[in-house]
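Some notes on the structure that comes next.
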Amino acid sequence: MWPNNKSRRHTECACYSGHIHRAAVVICVASLGWILPNVAVTDDAPAAQPAAAQPAAPAAEPLALKVARHDLARWTERAKVLADAAAQANAAFDVANKSLADAKAAVATADKAATEAGAAVTAAQQAKTAADKALSDSQEALKKVETEKKDDVEANNAAKAAVDAAQKNAEAAAKQETEAVAKKKQADDAKAAAIKSVADAGPAVKPATDAKAAADKPAGEAAASLKIAQDRLAVLEKGIPKPDPAAVRLIQTITHDRPVLTCRFEPGGDFLFAGAEDSSFHRWDLFTASALHLKGHKSWIGTIGALSPTGNLLVTGGHEGKLAWWNALEPSPAPVRIIDAHKGYVRAIAVSPDGKLIATGGNDNLVRVWSAADGSLVKELAGHPRHVYNVAFHPSGKALISGDLMGTLKQWDVETWAMTRELDAKLLSKYDKGFHADVGGVRAIDFSPDGKLLAVGGITEVSNAFAGIGNPLVLLFEWESGKQLKQLKPKDNIQGSVWGVRFHPSGEFLIGAGGGPAGALWFWKPDDEKSFHAIGLASVAYDLTLHPDGLRLAVPLFDKTIRVYDMSPKPDVAAK
């Protein structure tokens, strides 16, 4: 099964197990051809021919490689969509800038024309003034000739001709002035229109610039992710590398508007499911960053479990005490079923290996077991004195473990539901005299893939419960004997709690996530009490989940983000 943070198995194990089961079915079906009963052969019947040798089934492609091919296909598709959008935004940006440039050029042209028209008006006015003066002078001259030389016909005619010529010149000058004034008005109108076109074109530039930047950024990020996917596939095609915690690096950040409490990868690797300090169940597409925020609970969602290896059916637990079933891969999921599970918070969900049972722990000090098929109550397990913070099924499916605020671990037999033993994790609990309250408890839990080890995490040596001042700690138990083997601590001093713990499917190391004022990821080998590697986080991490490929992980943080990290060797290192 694909579990949640409170379950004891891993997505990776479930997916690998799924492939093994399918392969086993293929082998069994193929073998039927060899074990069919003998058929009696009569004299009339042709002799039976020996069965043709069946070609060996091709080896199944490693899951990490299959996921890498899928990632490359998705990023190729996404990068193309965003590159096309960026090209359109850039084209619109070019159009807006060209429109503004053209408008400014038109203003310059119109301004020049208006200046020239103004000069022409001035010249026409000066010419008209001169023509009017010449006309006035010729008229005065005519009067003088008519007075002084009225009998001189020739002089009179010459004076009259001069007046007529001056009259025509004055009229022509007046006409030129009128035309020059009209042309100047046209030039002024054209200039005003050009200035208006600049004013109209200018505002379009900023949104086009913003749109270009907004399109270029995701296109660039998608191109970078595509390059990573290409490099990743190239590395994996040469051989699936072991995860390298020393190479762990941030590859993706998902943002929300509230602190995120829990998250789970969808087994196909397309989606990330999450619960946060709101009442919505969240689904993010890891390639498009599109999100669905789904209503169903009435309070915060702090725990998620998977009821199918494909990830299509999930169950969520809310702080209002309800469990909700979801067909999580539908276009617009809605709760299939909602039941009252606990009085107070549903603290933990675990799904049995066969997917038939759901175990929950809550603030009512109870462990309850439900039918995954119909939500009916199978068994109520009482006995914890305080809040039950975590539950987990053993990989064998024969036992259930539950841990509470007081650091008490109870083992329950899945067939009889009798409590068979208690394990002591009281180092993870303390009574704070200043606050008059018990603090700590079993905040994280996980089984090793082979079921031989149990890890429980929390906080110890608490000096200030309100501020979360204490030391992160993971207690490692041998399952068969119940003996505590190791106390796993961060190599470097850090305050806070371990809120999530996971064994890697290889069983070679386990990972813790948590913190207090600051957050961190820690990596331990089961035989060494000090972490061999750690990285700081932007804020405290409330959970930890592994990707189906076993090479990536995600942590939900108080800073309202989910951060995805890669543990595969960097391509340049892997190439060497």
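Report, by residue number, each residue of region 128-162 that is β-branched (Val, Ile, Thr) and at pLDDT 90 or above. Even if it seems obvious, please write down each step before you answer.
Pass one, region 128-162, residues β-branched (Val, Ile, Thr): 129, 145, 147, 153.
The one that is β-branched (Val, Ile, Thr) and at pLDDT 90 or above: Thr129.
Within region 205-232, the set of residues being modelled with pLDDT under 90 and either closer than 30 Å to Thr115 by Cα or of a type in the set (A, V, I, L, M, F, W, C) (or both) comprises just one member, Ile228. Scanning region 235-250 for residues that are surrounded by fewer than 19 Cβ atoms within 10 Å (Cβ to Cβ) and closer than 25 Å to Asp285 by Cβ yields Arg249, Leu250. Could you check, for region 439-458, whether at least one of its residues is surrounded by fewer than 18 Cβ atoms within 10 Å (Cβ to Cβ) and either among the hydrophobic types (A, V, I, L, M, F, W, C) or not assigned by TED's automatic domain parsing to the domain that holds Ala382 (or both)? No: zero hits. Take the residues of region 540-576 that are at pLDDT 95 or above and among the small types (Gly, Ala, Ser): which is surrounded by the fewest Cβ atoms within 10 Å (Cβ to Cβ)? Ranking the qualifying residues of region 540-576, first place goes to Ala554.
Specify the residue that is surrounded by the fewest Cβ atoms within 10 Å (Cβ to Cβ); the eligible residues are those in region 459-478 that are part of a strand (DSSP E or B) and within 32 Å of the chain's Cα centre (by Cα). Give the derivation first.
Within region 459-478, the first condition is being part of a strand (DSSP E or B), and the residues that meet it are 459-464, 469-478.
Subset that is within 32 Å of the chain's Cα centre (by Cα): 459, 469, 471-474.
Details: Ile459: 27, Ile469: 15, Asn471: 18, Pro472: 27, Leu473: 23, Val474: 27.
For region 459-478, the residue satisfying everything is Ile469.
Every condition in (1) farther than 14 Å from Leu72 by Cα; (2) exposed (fewer than 14 other Cβ atoms within 10 Å of the Cβ); (3) of a type outside the set (Asp, Glu); (4) not assigned by TED's automatic domain parsing to the domain that holds Phe281 holds for Ala224 except the one numbered (1).
Each row is one residue, and each column tells you yes or no for (1) at pLDDT 95 or above; (2) surrounded by 19 or more Cβ atoms within 10 Å (Cβ to Cβ); (3) out of contact with any Asp or Glu (no Cβ under 6 Å at 6 or more places or on another chain).
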position: His256; (1), (2), (3): yes, yes, yes
position: Leu261; (1), (2), (3): yes, yes, yes
position: Ala274; (1), (2), (3): yes, yes, yes
position: His293; (1), (2), (3): yes, no, yes
position: Ser308; (1), (2), (3): no, no, yes
position: His342; (1), (2), (3): yes, yes, no
position: Arg347; (1), (2), (3): yes, yes, yes
position: Val351; (1), (2), (3): yes, yes, yes
position: Thr360; (1), (2), (3): yes, yes, yes
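Restrict the check to region 127-138 and report whether at least one residue is hydroxyl-bearing (Ser, Thr, Tyr) and under 19 Å from Lys185 (Cβ atoms). Explain how you work it out, then say what you get.
Applying the first criterion (hydroxyl-bearing (Ser, Thr, Tyr)) to region 127-138 yields 129, 136, 138.
Checking the rest, the ones that are also under 19 Å from Lys185 (Cβ atoms) come to none.
No - not one qualifying residue is present in region 127-138.
Determine whether Gly397 is surrounded by fewer than 21 Cβ atoms within 10 Å (Cβ to Cβ), under 23 Å from His319 (Cβ atoms) and assigned by TED's automatic domain parsing to the domain that holds Gly470. Against the criterion (surrounded by fewer than 21 Cβ atoms within 10 Å (Cβ to Cβ), under 23 Å from His319 (Cβ atoms) and assigned by TED's automatic domain parsing to the domain that holds Gly470), Gly397 does not qualify. Set side by side, the residues Asp189, Asp137, Asp164, Asp132 differ, and just one is farther than 30 Å from Lys112 by Cβ and either free of Cβ contacts under 8 Å to residues at least 24 places away in the same chain or not in a helix (DSSP H, G or I) (or both), which is Asp164. Can you find even one residue in region 235-249 that is assigned to a helix (DSSP H, G or I), more than 30 Å from Ala103 (Cα to Cα) and not hydrophobic (A, V, I, L, M, F, W, C)? Yes.
The values are calculated or read from the model by the stated rules, or taken from the named source; none is laboratory data. A quick note: this is a predicted structure, and the numbers were derived from the prediction, not measured. Note: ideal-geometry Cβ built from the backbone for every residue, glycine included; neighbour counts use all protein chains shown.
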